[in-house]
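Here is the structure we will look at.
Nothing in this text is a laboratory measurement; each read-out follows from the coordinates by a stated rule. Note that the structure is predicted; figures quoted are calculated from it, not measured. A quick note on method: Cβ atoms are made from the backbone with ideal geometry, for glycine too, and the neighbour counts reach across all protein chains shown.
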Amino acid sequence: MTQETVAATSDAVLDREETISRDELEALQLSRLQHTVAYAYDRVPLYKRKFDETGVHPTDLRELADLAKFPFTTKEDLRLEYPFGMFAVPQREVARIHASSGTTGRATVVGYTKKDLADWAKLVARSFRASGVRPGMKVHNAYGYGLFTGGMGAHAGAEALGCTVIPISGGQTERQITLIQDFEPDVILATPTYLLTIADAMVKQGIDPASTSLKYAVLGAEPWTEEMRHELEVTMNIKACDIYGLSEVMGPGVAGEAVETQDGSHIWEDHFRPEIIDAFNPSVVLGDGEHGELVFTSLTKEALPIIRYRTKDLTRLLPGTARPAHRRMGRITGRSDDMIILRGVNLFPSQIEEIALRIPELSPHFQLELTRPEGQRMDQLTVKIERRESVTLAGSAAAAKALQQQIKIQVGSTCRVDVVEPGSLERSNGKLRRIYDLRPKA
Ligand code: DLL
């Protein structure tokens, strides 16, 4: 045990920073923030240029609210500085590099010093511990290994916590099932949709997913709903908690959920200062409880300090509960760039998930297709969703109608619903693609 840890709860030893008061935490944030903006300004030409253009200097940061005077950083900035222009340390001090897949344009590259890696592992360990994971547990890590931060980030965190890690990575679902049966892990780490794929494949093999050794799951990397939590907890007889993060800010472990409250992830505010802004009018910083776009400033990172990074994730900040000084984030409703605008109405896949899972005949396997039928000027949304195994044809038709009506009532959108055969839609191996935009390109 390191010196910075102290005994706190009955069966877990928390980091000192998890138990400090809000006042103490904010004092720590301010001094770390002052250091970070000066450090970024001195070492990264992009920050110097942006601060100078905005007419703001690191010495202007006298209190936490002054952060709002500083310019935002976007994914586009990271792309323009590809590959290493955002790094604040010489290359020999960069211990590891990760990158986003870059489905739209160039990949974004991120780097870590040895200390960054140690801090990251500590925060992932902190998140896992909050979610019920304990030293000595066997952890089946089905997040993808490689440039994606999920696999290696979760791996290092589980090791730092003192767990036995099974580094299976994503995919090869049959093999995942064999190893779950043979190695009898206590914990599984995966995206929620991939865990669903695993559970589904178990059923196909005649294995009851509720009968395995698994007791906990720590799920993230994509939006998921309370309804999906319920589905997975019941199907697998586990406790499922959320873990949030993004590569530009660190990777998994920026925020983690406590198993005793299951009320949203606590943002580890001793390392990250969150803000919520109006996504359409970014100069407006919103108050706690108000919905908007999440923005992060790193407080301790060396290789890639990040100032006011616009995540595009839409959520709100809530007061801390299980870790009172650290604010929680509400569930991410979606990303501003994943929002479907259908005849003026905004819609997110998570809204469909929420509504569909309340209809007993429907499964959590769905995708959204956007089309523009020949000769028409209006876009059409089709929800393709699998029925549950036991459901009859008549049951499917009634469920389709119910879903269509509920989407109309709760979201305000008119859409088509096609209830399809179980197993006919693509399964997730990691982050699942929900939206298929088949409209002709302009
Ligand atoms: O997905 C890091 C991660 C790995 C988090 C494993 C949790 C578990 P990126 O590939 O950079 O990093 O994608 C980051 O994924 O901006 C969100 O849109 C989404 N995301 C991540 N965690 C959650 C979550 C990793 N718990 C992007 N709920 C973020 C909803 C999430 N969305």
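Note down the nm distance, to one decimal, between modelled labels 7 Å out along Cα→Cβ at residue 19 and at residue 95.
2.7 nm
Determine the gain in length on full extension of the stretch residue 42-residue 63; use 0.36 nm per residue of separation and subtract their C-alpha separation, reporting nm with one decimal.
Details: separation 21, 0.36 × 21 = 7.56 nm, distance 2.02 nm.
Full-extension gain reported as 5.5 nm.
If a paramagnetic tag sat 7 Å from the Cα of residue 401 along the Cα-Cβ line, which residues of region 343-382 would have the backbone N under 16 Å from that point?
360-362
Under a point spin-label approximation (7 Å from Cα along Cα-to-Cβ), what is the residue 300-residue 345 distance to one decimal in nm?
Using points 7 Å along Cα→Cβ, the separation is 4.6 nm.
If each of residue 393 and residue 374 carries a label point 7 Å out from its Cα toward its Cβ, how far apart are those two points in nm?
So the two model labels end up 2.8 nm from each other.
Based on the alpha-carbon gyration tensor of region 51-124 and its eigenvalue square roots a ≥ b ≥ c, which shape applies: rounded if a/c is under 1.5, prolate if not and a/b is larger than b/c, or oblate?
oblate
For residue 164, which sequence-distant residues (separation of 5 or more, or a different chain) have an amide H within less than 5 Å of its own amide H, given hydrogens modelled in the peptide plane?
Amide H neighbours of residue 164, under 5 Å, 5+ apart: 136, 137, 138, 139.
Work through the residues other than residue 424 whose Cβ is under 15 Å from its Cβ and net out their charges, Lys, Arg +1 and Asp, Glu -1.
Net of charged neighbours comes to -2.
Using Cα atoms only, what is the angle between the long axis of helix 114-130 and the major principal axis of the chain, expressed in degrees (0 to 90) to the nearest 10?
That works out to roughly 50 degrees.
In a Gaussian network model over the chain where Cα atoms closer than 10 Å are linked, find which of 303, 99, 154 has the largest mean-square fluctuation.
So, out of 303, 99, 154, the one fluctuating most is 99.
Per residue of region 409-422, what does 6.51 cos²θ - 1.76 cosθ + 1.60 with θ = phi - 60° give for ³J(HN,Hα)? Whole Hz please, x for Gly and Pro, Karplus curve as stated.
Those phi angles translate into 6, 8, 10, x, 10, 9, 9, 8, 10, 10, 8, 10, 5, x Hz.
Quick check: Cα centre of region 386-442 to Cα centre of region 277-310, how many Å?
Going from one Cα centre to the other spans 34 Å.
If I fit a long axis through the Cα atoms of helix 22-43 and take the longest principal axis of the Cα atoms of the chain, what angle between them do I get, 0 to 90°, rounded to 10?
On a 0 to 90 degree scale, this one is about 80.
If you take every DSSP beta bridge whose two residues both sit in the chain, what share of them, in percent to the nearest 5, is antiparallel?
65 percent
Measure nothing but the geometry: give the 0 to 90° angle between the long axis through the Cα atoms of 192-204 and the longest principal axis through the Cα atoms of the chain, rounded to 10°.
40 degrees
Can you give the net charge of the other residues whose Cβ lies under 10 Å from the Cβ of residue 137, counting K and R as +1 and D and E as -1?
With Lys, Arg at +1 and Asp, Glu at -1, the neighbours total +2.
For region 105-138 and region 332-364, write down the distance between their C-alpha centroids in whole Å.
30 Å
From the Cα gyration tensor of the chain, with a ≥ b ≥ c the square roots of its eigenvalues, which class applies: rounded if a/c is under 1.5, or else prolate if a/b is larger than b/c, or else oblate?
oblate
In debye, nearest 20: dipole of region 333-442 around its Cα centre with unit charges on the Cβ of K, R (+) and D, E (-)?
The calculated dipole for region 333-442 is roughly 240 debye.
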